[in-house]
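Written out below as structure tokens is the structure these notes cover.
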Amino acid sequence: MNPRSLRVLVPLLALTQSCTSAPVRPTTAEAPREAGVSEYILAKDITVRRIAPGVWMHTTLSDEDFGLVPANGLIVEDGGGSLLVDTGWNQRQAEQLADWAANTLGKPVRAAVATHFHDDRTAGIPVLSARGIPVHGLEDTVRLSKERGKPVPTHAFTEVATLGPLELFFPGAGHAPDNIVVVHRDSQVMFGGCFVKDAAAKDLGNLGDAVVSAWPASLERVQTRYPDTRIIVPGHGAPGGPELLGHTRALLR
């Protein structure tokens, strides 16, 4: 596929991934949440969609050399607040996501997670830090962010941590040396991030920081630890079920 075709195809895929039958209603971050609305368009490059009770998937777009690239994250309701998993591609997107959580969802972001050190996970950290929102990351994510000149999470953990209704787990290296998965146990939703490929993926994507030899064993640890997972949200592309772990394993083979 030539770059021009990809430029057209990728945004179309990003905009047609919703499987909900509820109406899609554009909104601003200041508009109150409407009962029954499960998808919000915050800007031309930011969409938020409910995928389970109390769990919202945010998708942000970045205009790369080869076209628009969507990246996913989560906003998870937690009592009177919410938790942000990954920040979007830039500070403006992070700001609009935080504003939406506070003003539309009515649940201000009280903490955030960066699932590895790449830009689509960490670029919005300065906005969150300026608002006094702690950002959690694996110790290796903190280290790699500092070494690569990326925004740095403010709170570090090793291997496993609990953040409200979320479990943060480092299964081992894969897409990156520091990739983690985030699991909402109440709904059995897993955010696999770039560690897990979507069903439409034909290859493993960006391998610039990957540890391909360790990836299969890391996938096994995830599958063993979370056998009841219902929904998996990859870092890019449409959500799926546990079969996404098998698909990623097949791509590795």
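Some points to look at:
- Test: residue in region 194-216 that is under 17 Å from residue 249 (Cα atoms), assigned to a loop (DSSP other than H, G, I, E, B) and in contact with a Ser or Thr (Cβ under 6 Å, 6 or more places away or on another chain): yes
- Restricting 109, 182, 135, 127 to residues that are of a type in the set (Val, Ile, Thr), open to solvent by 10 Å² or more (accessible area, probe 1.4 Å) and within 14 Å of residue 75 (Cα to Cα) narrows the list to 109.
- Output for region 242-253, where each listed residue is among the hydrophobic types (A, V, I, L, M, F, W, C) and loosely packed, with under 13 Cβ neighbours inside 10 Å: 250
- Answer from 43, 94 - the residue that is buried (at least 23 other Cβ atoms within 10 Å of the Cβ), in contact with a helix residue (DSSP H, G or I) (Cβ under 8 Å, 6 or more places away or on another chain) and farther than 19 Å from residue 186 by Cβ: 94
- Residue match in region 239-247 (condition: at pLDDT 95 or above, part of a strand (DSSP E or B) and of a type in the set (Gly, Ala, Ser)): yes
- Each residue in region 56-90 was checked for being surrounded by fewer than 22 Cβ atoms within 10 Å (Cβ to Cβ), touching a residue at least 60 places away in the same chain (Cβ under 8 Å) and within 14 Å of the chain's Cα centre (by Cα), and 1 of them qualify.
- Filtered by the rule that a residue be crowded, with 18+ Cβ neighbours inside 10 Å, under 17 Å from the mean Cα position of the chain (by Cα) and over 20 Å from residue 61 (Cβ atoms), region 197-241 gives 222, 229, 231, 232, 240.
The values are calculated or read from the model by the stated rules, or taken from the named source; none is laboratory data. On a predicted model such as this, the values are computed, not experimentally measured, just so you know. Quick reminder, even Gly has a Cβ in these numbers, built from the backbone with ideal geometry, and neighbours come from all protein chains shown. Each accessible area value is taken on the protein alone, full model and side chains, heavy atoms only, with ligands, DNA and RNA left out. Shrake-Rupley method; radii C 1.70, N 1.55, O 1.52, S 1.80 Å.
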